[in-house]
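Working notes for the structure below.
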Amino acid sequence: MLKIEQGVELARFTTLGTGGPARAFARPESVEELEEALHFARDQGLEVATVGLGSNLLVADDGVDGLVLKLAGDLAQSEVVGELLIAGGGAANAVCLHRTRAAGLGGFEFACAIPGTTGGGVWMNAGAYGSDWAAILERALVVAADGSAWRTAEELGLSYRHSELRHGQVVARVEFRLTPKPADEIKVTIADLQAQRKAAQPTNKRTYGSVFKNPEHELSAGRMLEACGLKGHRIGGAQISPRHANFIENAGDARSADAVALMAEARRRAYDEYGVELEHEVEFLGAVDLPALTK
Ligand SMILES: Cc1cc2nc3c(=O)[nH]c(=O)nc-3n(C[C@H](O)[C@H](O)[C@H](O)COP(=O)(O)OP(=O)(O)OC[C@H]3O[C@@H](n4cnc5c(N)ncnc54)[C@H](O)[C@@H]3O)c2cc1C
């Protein structure tokens with residue numbers, strides 16, 4: 001029977017390392033246990049959210065007044081079958097990449113720079129280096145309290161860093177269609193992409209990836225915030241990366257509120273200097289209050 005825990009601290013499930021406790025927390029290991037958790041939440045009137053590797057997540061310091069799920073067991077496994085990678089929604093991209101490389105299947109190399117899970121990738125159509133989940137996703141099994149369905153990328157509404165999924169809809173499994181490629185070539189591509197990433201972004205700091213989506217502007221979000229003089233700007237224990245201005249680092253003892261204050265400052269400066277309203281890419285969990293822009 002599925003164990004429901006109370007008051008589990010969520011900071012350790014995020015790459016930034018901030019955030020408070022979940023009112024209820026469970027680690028379903030199968031679709032049946034996942035359904036059990038979702039029915040429990042429905043009966044208790046609790047909101048549901050899933051955490052992957054917490055690599056695109058800012059959790060409120062007050063925590064989350066609902067049921068938080070972390071997929072485990074069978075829902076975090078992955079295997080290659082023919083030209084398909086079949087994975088649980090909680091499977092780490094890094095492990096999936098290892099399996100595809102070993103099987104001589106190419107097309108997933110771009111994910112070497114994305115430290116999340118397959119389910120988290122579906123949620124926001126993760127992507128890098130000209131590819132994304134939408135390009136390789138054959139279908140995903142979405143489980144909710146009122147039923148389950150396999151959905152294609154189109155049915156999930158995948159577009160730039162966006163899907164139409166809502167909390168309470170859990171990606172339990174994914175199938176990626178890949179193409180045969182020699183393992184040596186895959187290895188070279190990965191090494192090249194990782195070197196590019198290391199040269200441009202903070203890879204050894206606690207961050208949650210890109211803070212803002214790139215605006216429709218000649219400057220990327222990072223270049224714009226850099227031009228606003230924000231590199232290295234610090235509030236409390238959080239600072240805008242001195243290396244890449246679209247990253248916020250936990251400089252030691254950050255709280256989520258510090259990161260939010262930095263985001264508010266960055267949005268204000270980008271608006272004042274460029275008239276651009278930056279939209280956050282990071283997902284919020286719990287009552288995270290990013291103030292509206294004063295125009
Ligand atoms: C150093 C660094 C570099 C990064 N580079 C990139 C990049 O190049 N490209 C890019 O796209 N992203 C990048 N990211 C952001 C992040 O890794 C991706 O968004 C990733 O897909 C998030 O996956 P996750 O499992 O960590 O999801 P989480 O951060 O845990 O969750 C993100 C959202 O997905 C939801 N979610 C998670 N799992 C599920 C599930 N099984 N079912 C339903 N909803 C779910 C959560 O509720 C939340 O709303 C980077 C992050 C870091 C820290």
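The values are calculated or read from the model by the stated rules, or taken from the named source; none is laboratory data. All figures in this text were calculated on a predicted structure; none of them were measured in a lab. Note that we place each Cβ from the backbone using ideal geometry, even for glycine, and neighbour counts take in every protein chain shown. The protein model used for the area step is the full one, side chains on, heavy atoms only, and it has no ligands, DNA or RNA in it. Shrake-Rupley method; radii C 1.70, N 1.55, O 1.52, S 1.80 Å.
Taken as a whole, the structure places L34 among residues that are open to solvent by less than 60 Å² (accessible area, probe 1.4 Å) and in a helix (DSSP H, G or I). Listed conditions (1) open to solvent by 20 Å² or more (accessible area, probe 1.4 Å); (2) in a loop (DSSP other than H, G, I, E, B); (3) within 10 Å of the ligand (Cβ to nearest atom); (4) in contact (Cβ under 8 Å) with a residue 12 or more places away in the chain are all met by R173, apart from (2).
Applying the selection to the range 132-152, what residues are under 22 Å from E279 (Cβ atoms) and in contact with a helix residue (DSSP H, G or I) (Cβ under 7 Å, 6 or more places away or on another chain)? Of everything in the range 132-152, just one residue is under 22 Å from E279 (Cβ atoms) and in contact with a helix residue (DSSP H, G or I) (Cβ under 7 Å, 6 or more places away or on another chain), namely W133. Residues in the range 210-241 that are touching an Asp or Glu at 6+ places or on another chain (Cβ under 7 Å), closer than 23 Å to I114 by Cβ and assigned to a loop (DSSP other than H, G, I, E, B): S210, V211, K213, S241. Selection of helices (runs of 4 or more DSSP H) fully inside the range 89-168 by the criterion of at least 1 residues being touching a residue at least 40 places away in the same chain (Cβ under 8 Å) and within 7 Å of the ligand (Cβ to nearest atom) returns 118-123.
When the range 224-233 is filtered for residues that are surrounded by 15 or more Cβ atoms within 10 Å (Cβ to Cβ) and either within 11 Å of the ligand (Cβ to nearest atom) or more than 18 Å from R161 (Cβ to Cβ) (or both), the ones remaining, listed by number, are E226, A227, C228, L230, K231, H233. Within the range 181-222, being within 16 Å of the ligand (Cβ to nearest atom), open to solvent by 70 Å² or more (accessible area, probe 1.4 Å) and not polar (S, T, N, Q) holds for D192, K198, A199, K205, R206. A single entry from E273, E279 fulfils the requirement of being away from the ligand (no atom under 16 Å from the Cβ) and either open to solvent by 50 Å² or more (accessible area, probe 1.4 Å) or out of contact with any Ser or Thr (no Cβ under 9 Å at 6 or more places or on another chain) (or both): E273. Restricted to the range 99-124, and to residues there that are under 18 Å from G54 (Cβ atoms) and of a type outside the set (G, A, S), the residue that is most open to solvent (accessible area, probe 1.4 Å) is P115. Note on the range 242-261: residues that are without any contact (Cβ under 8 Å) to a residue 40 or more places away in the chain and either part of a strand (DSSP E or B) or crowded, with 23+ Cβ neighbours inside 10 Å (or both) amount to 2.
Say we look at the range 65-80 and pick out the residues that are near the ligand (Cβ under 10 Å from one of its atoms) and open to solvent by 20 Å² or more (accessible area, probe 1.4 Å); which of these is nearest to G209 (Cα to Cα)? Here the residue is K70.
Answer with yes or no whether G89 is at pLDDT 95 or above, open to solvent by less than 30 Å² (accessible area, probe 1.4 Å) and on the phi > 0 side of the Ramachandran plot.
no
Considering each residue of the range 20-30 in turn, none proves to be within 14 Å of the ligand (Cβ to nearest atom), surrounded by fewer than 18 Cβ atoms within 10 Å (Cβ to Cβ) and not in a loop (DSSP other than H, G, I, E, B). Condition check: near the ligand (Cβ under 8 Å from one of its atoms), open to solvent by 60 Å² or more (accessible area, probe 1.4 Å) and more than 14 Å from L178 (Cα to Cα). Does L53 satisfy that? Yes.
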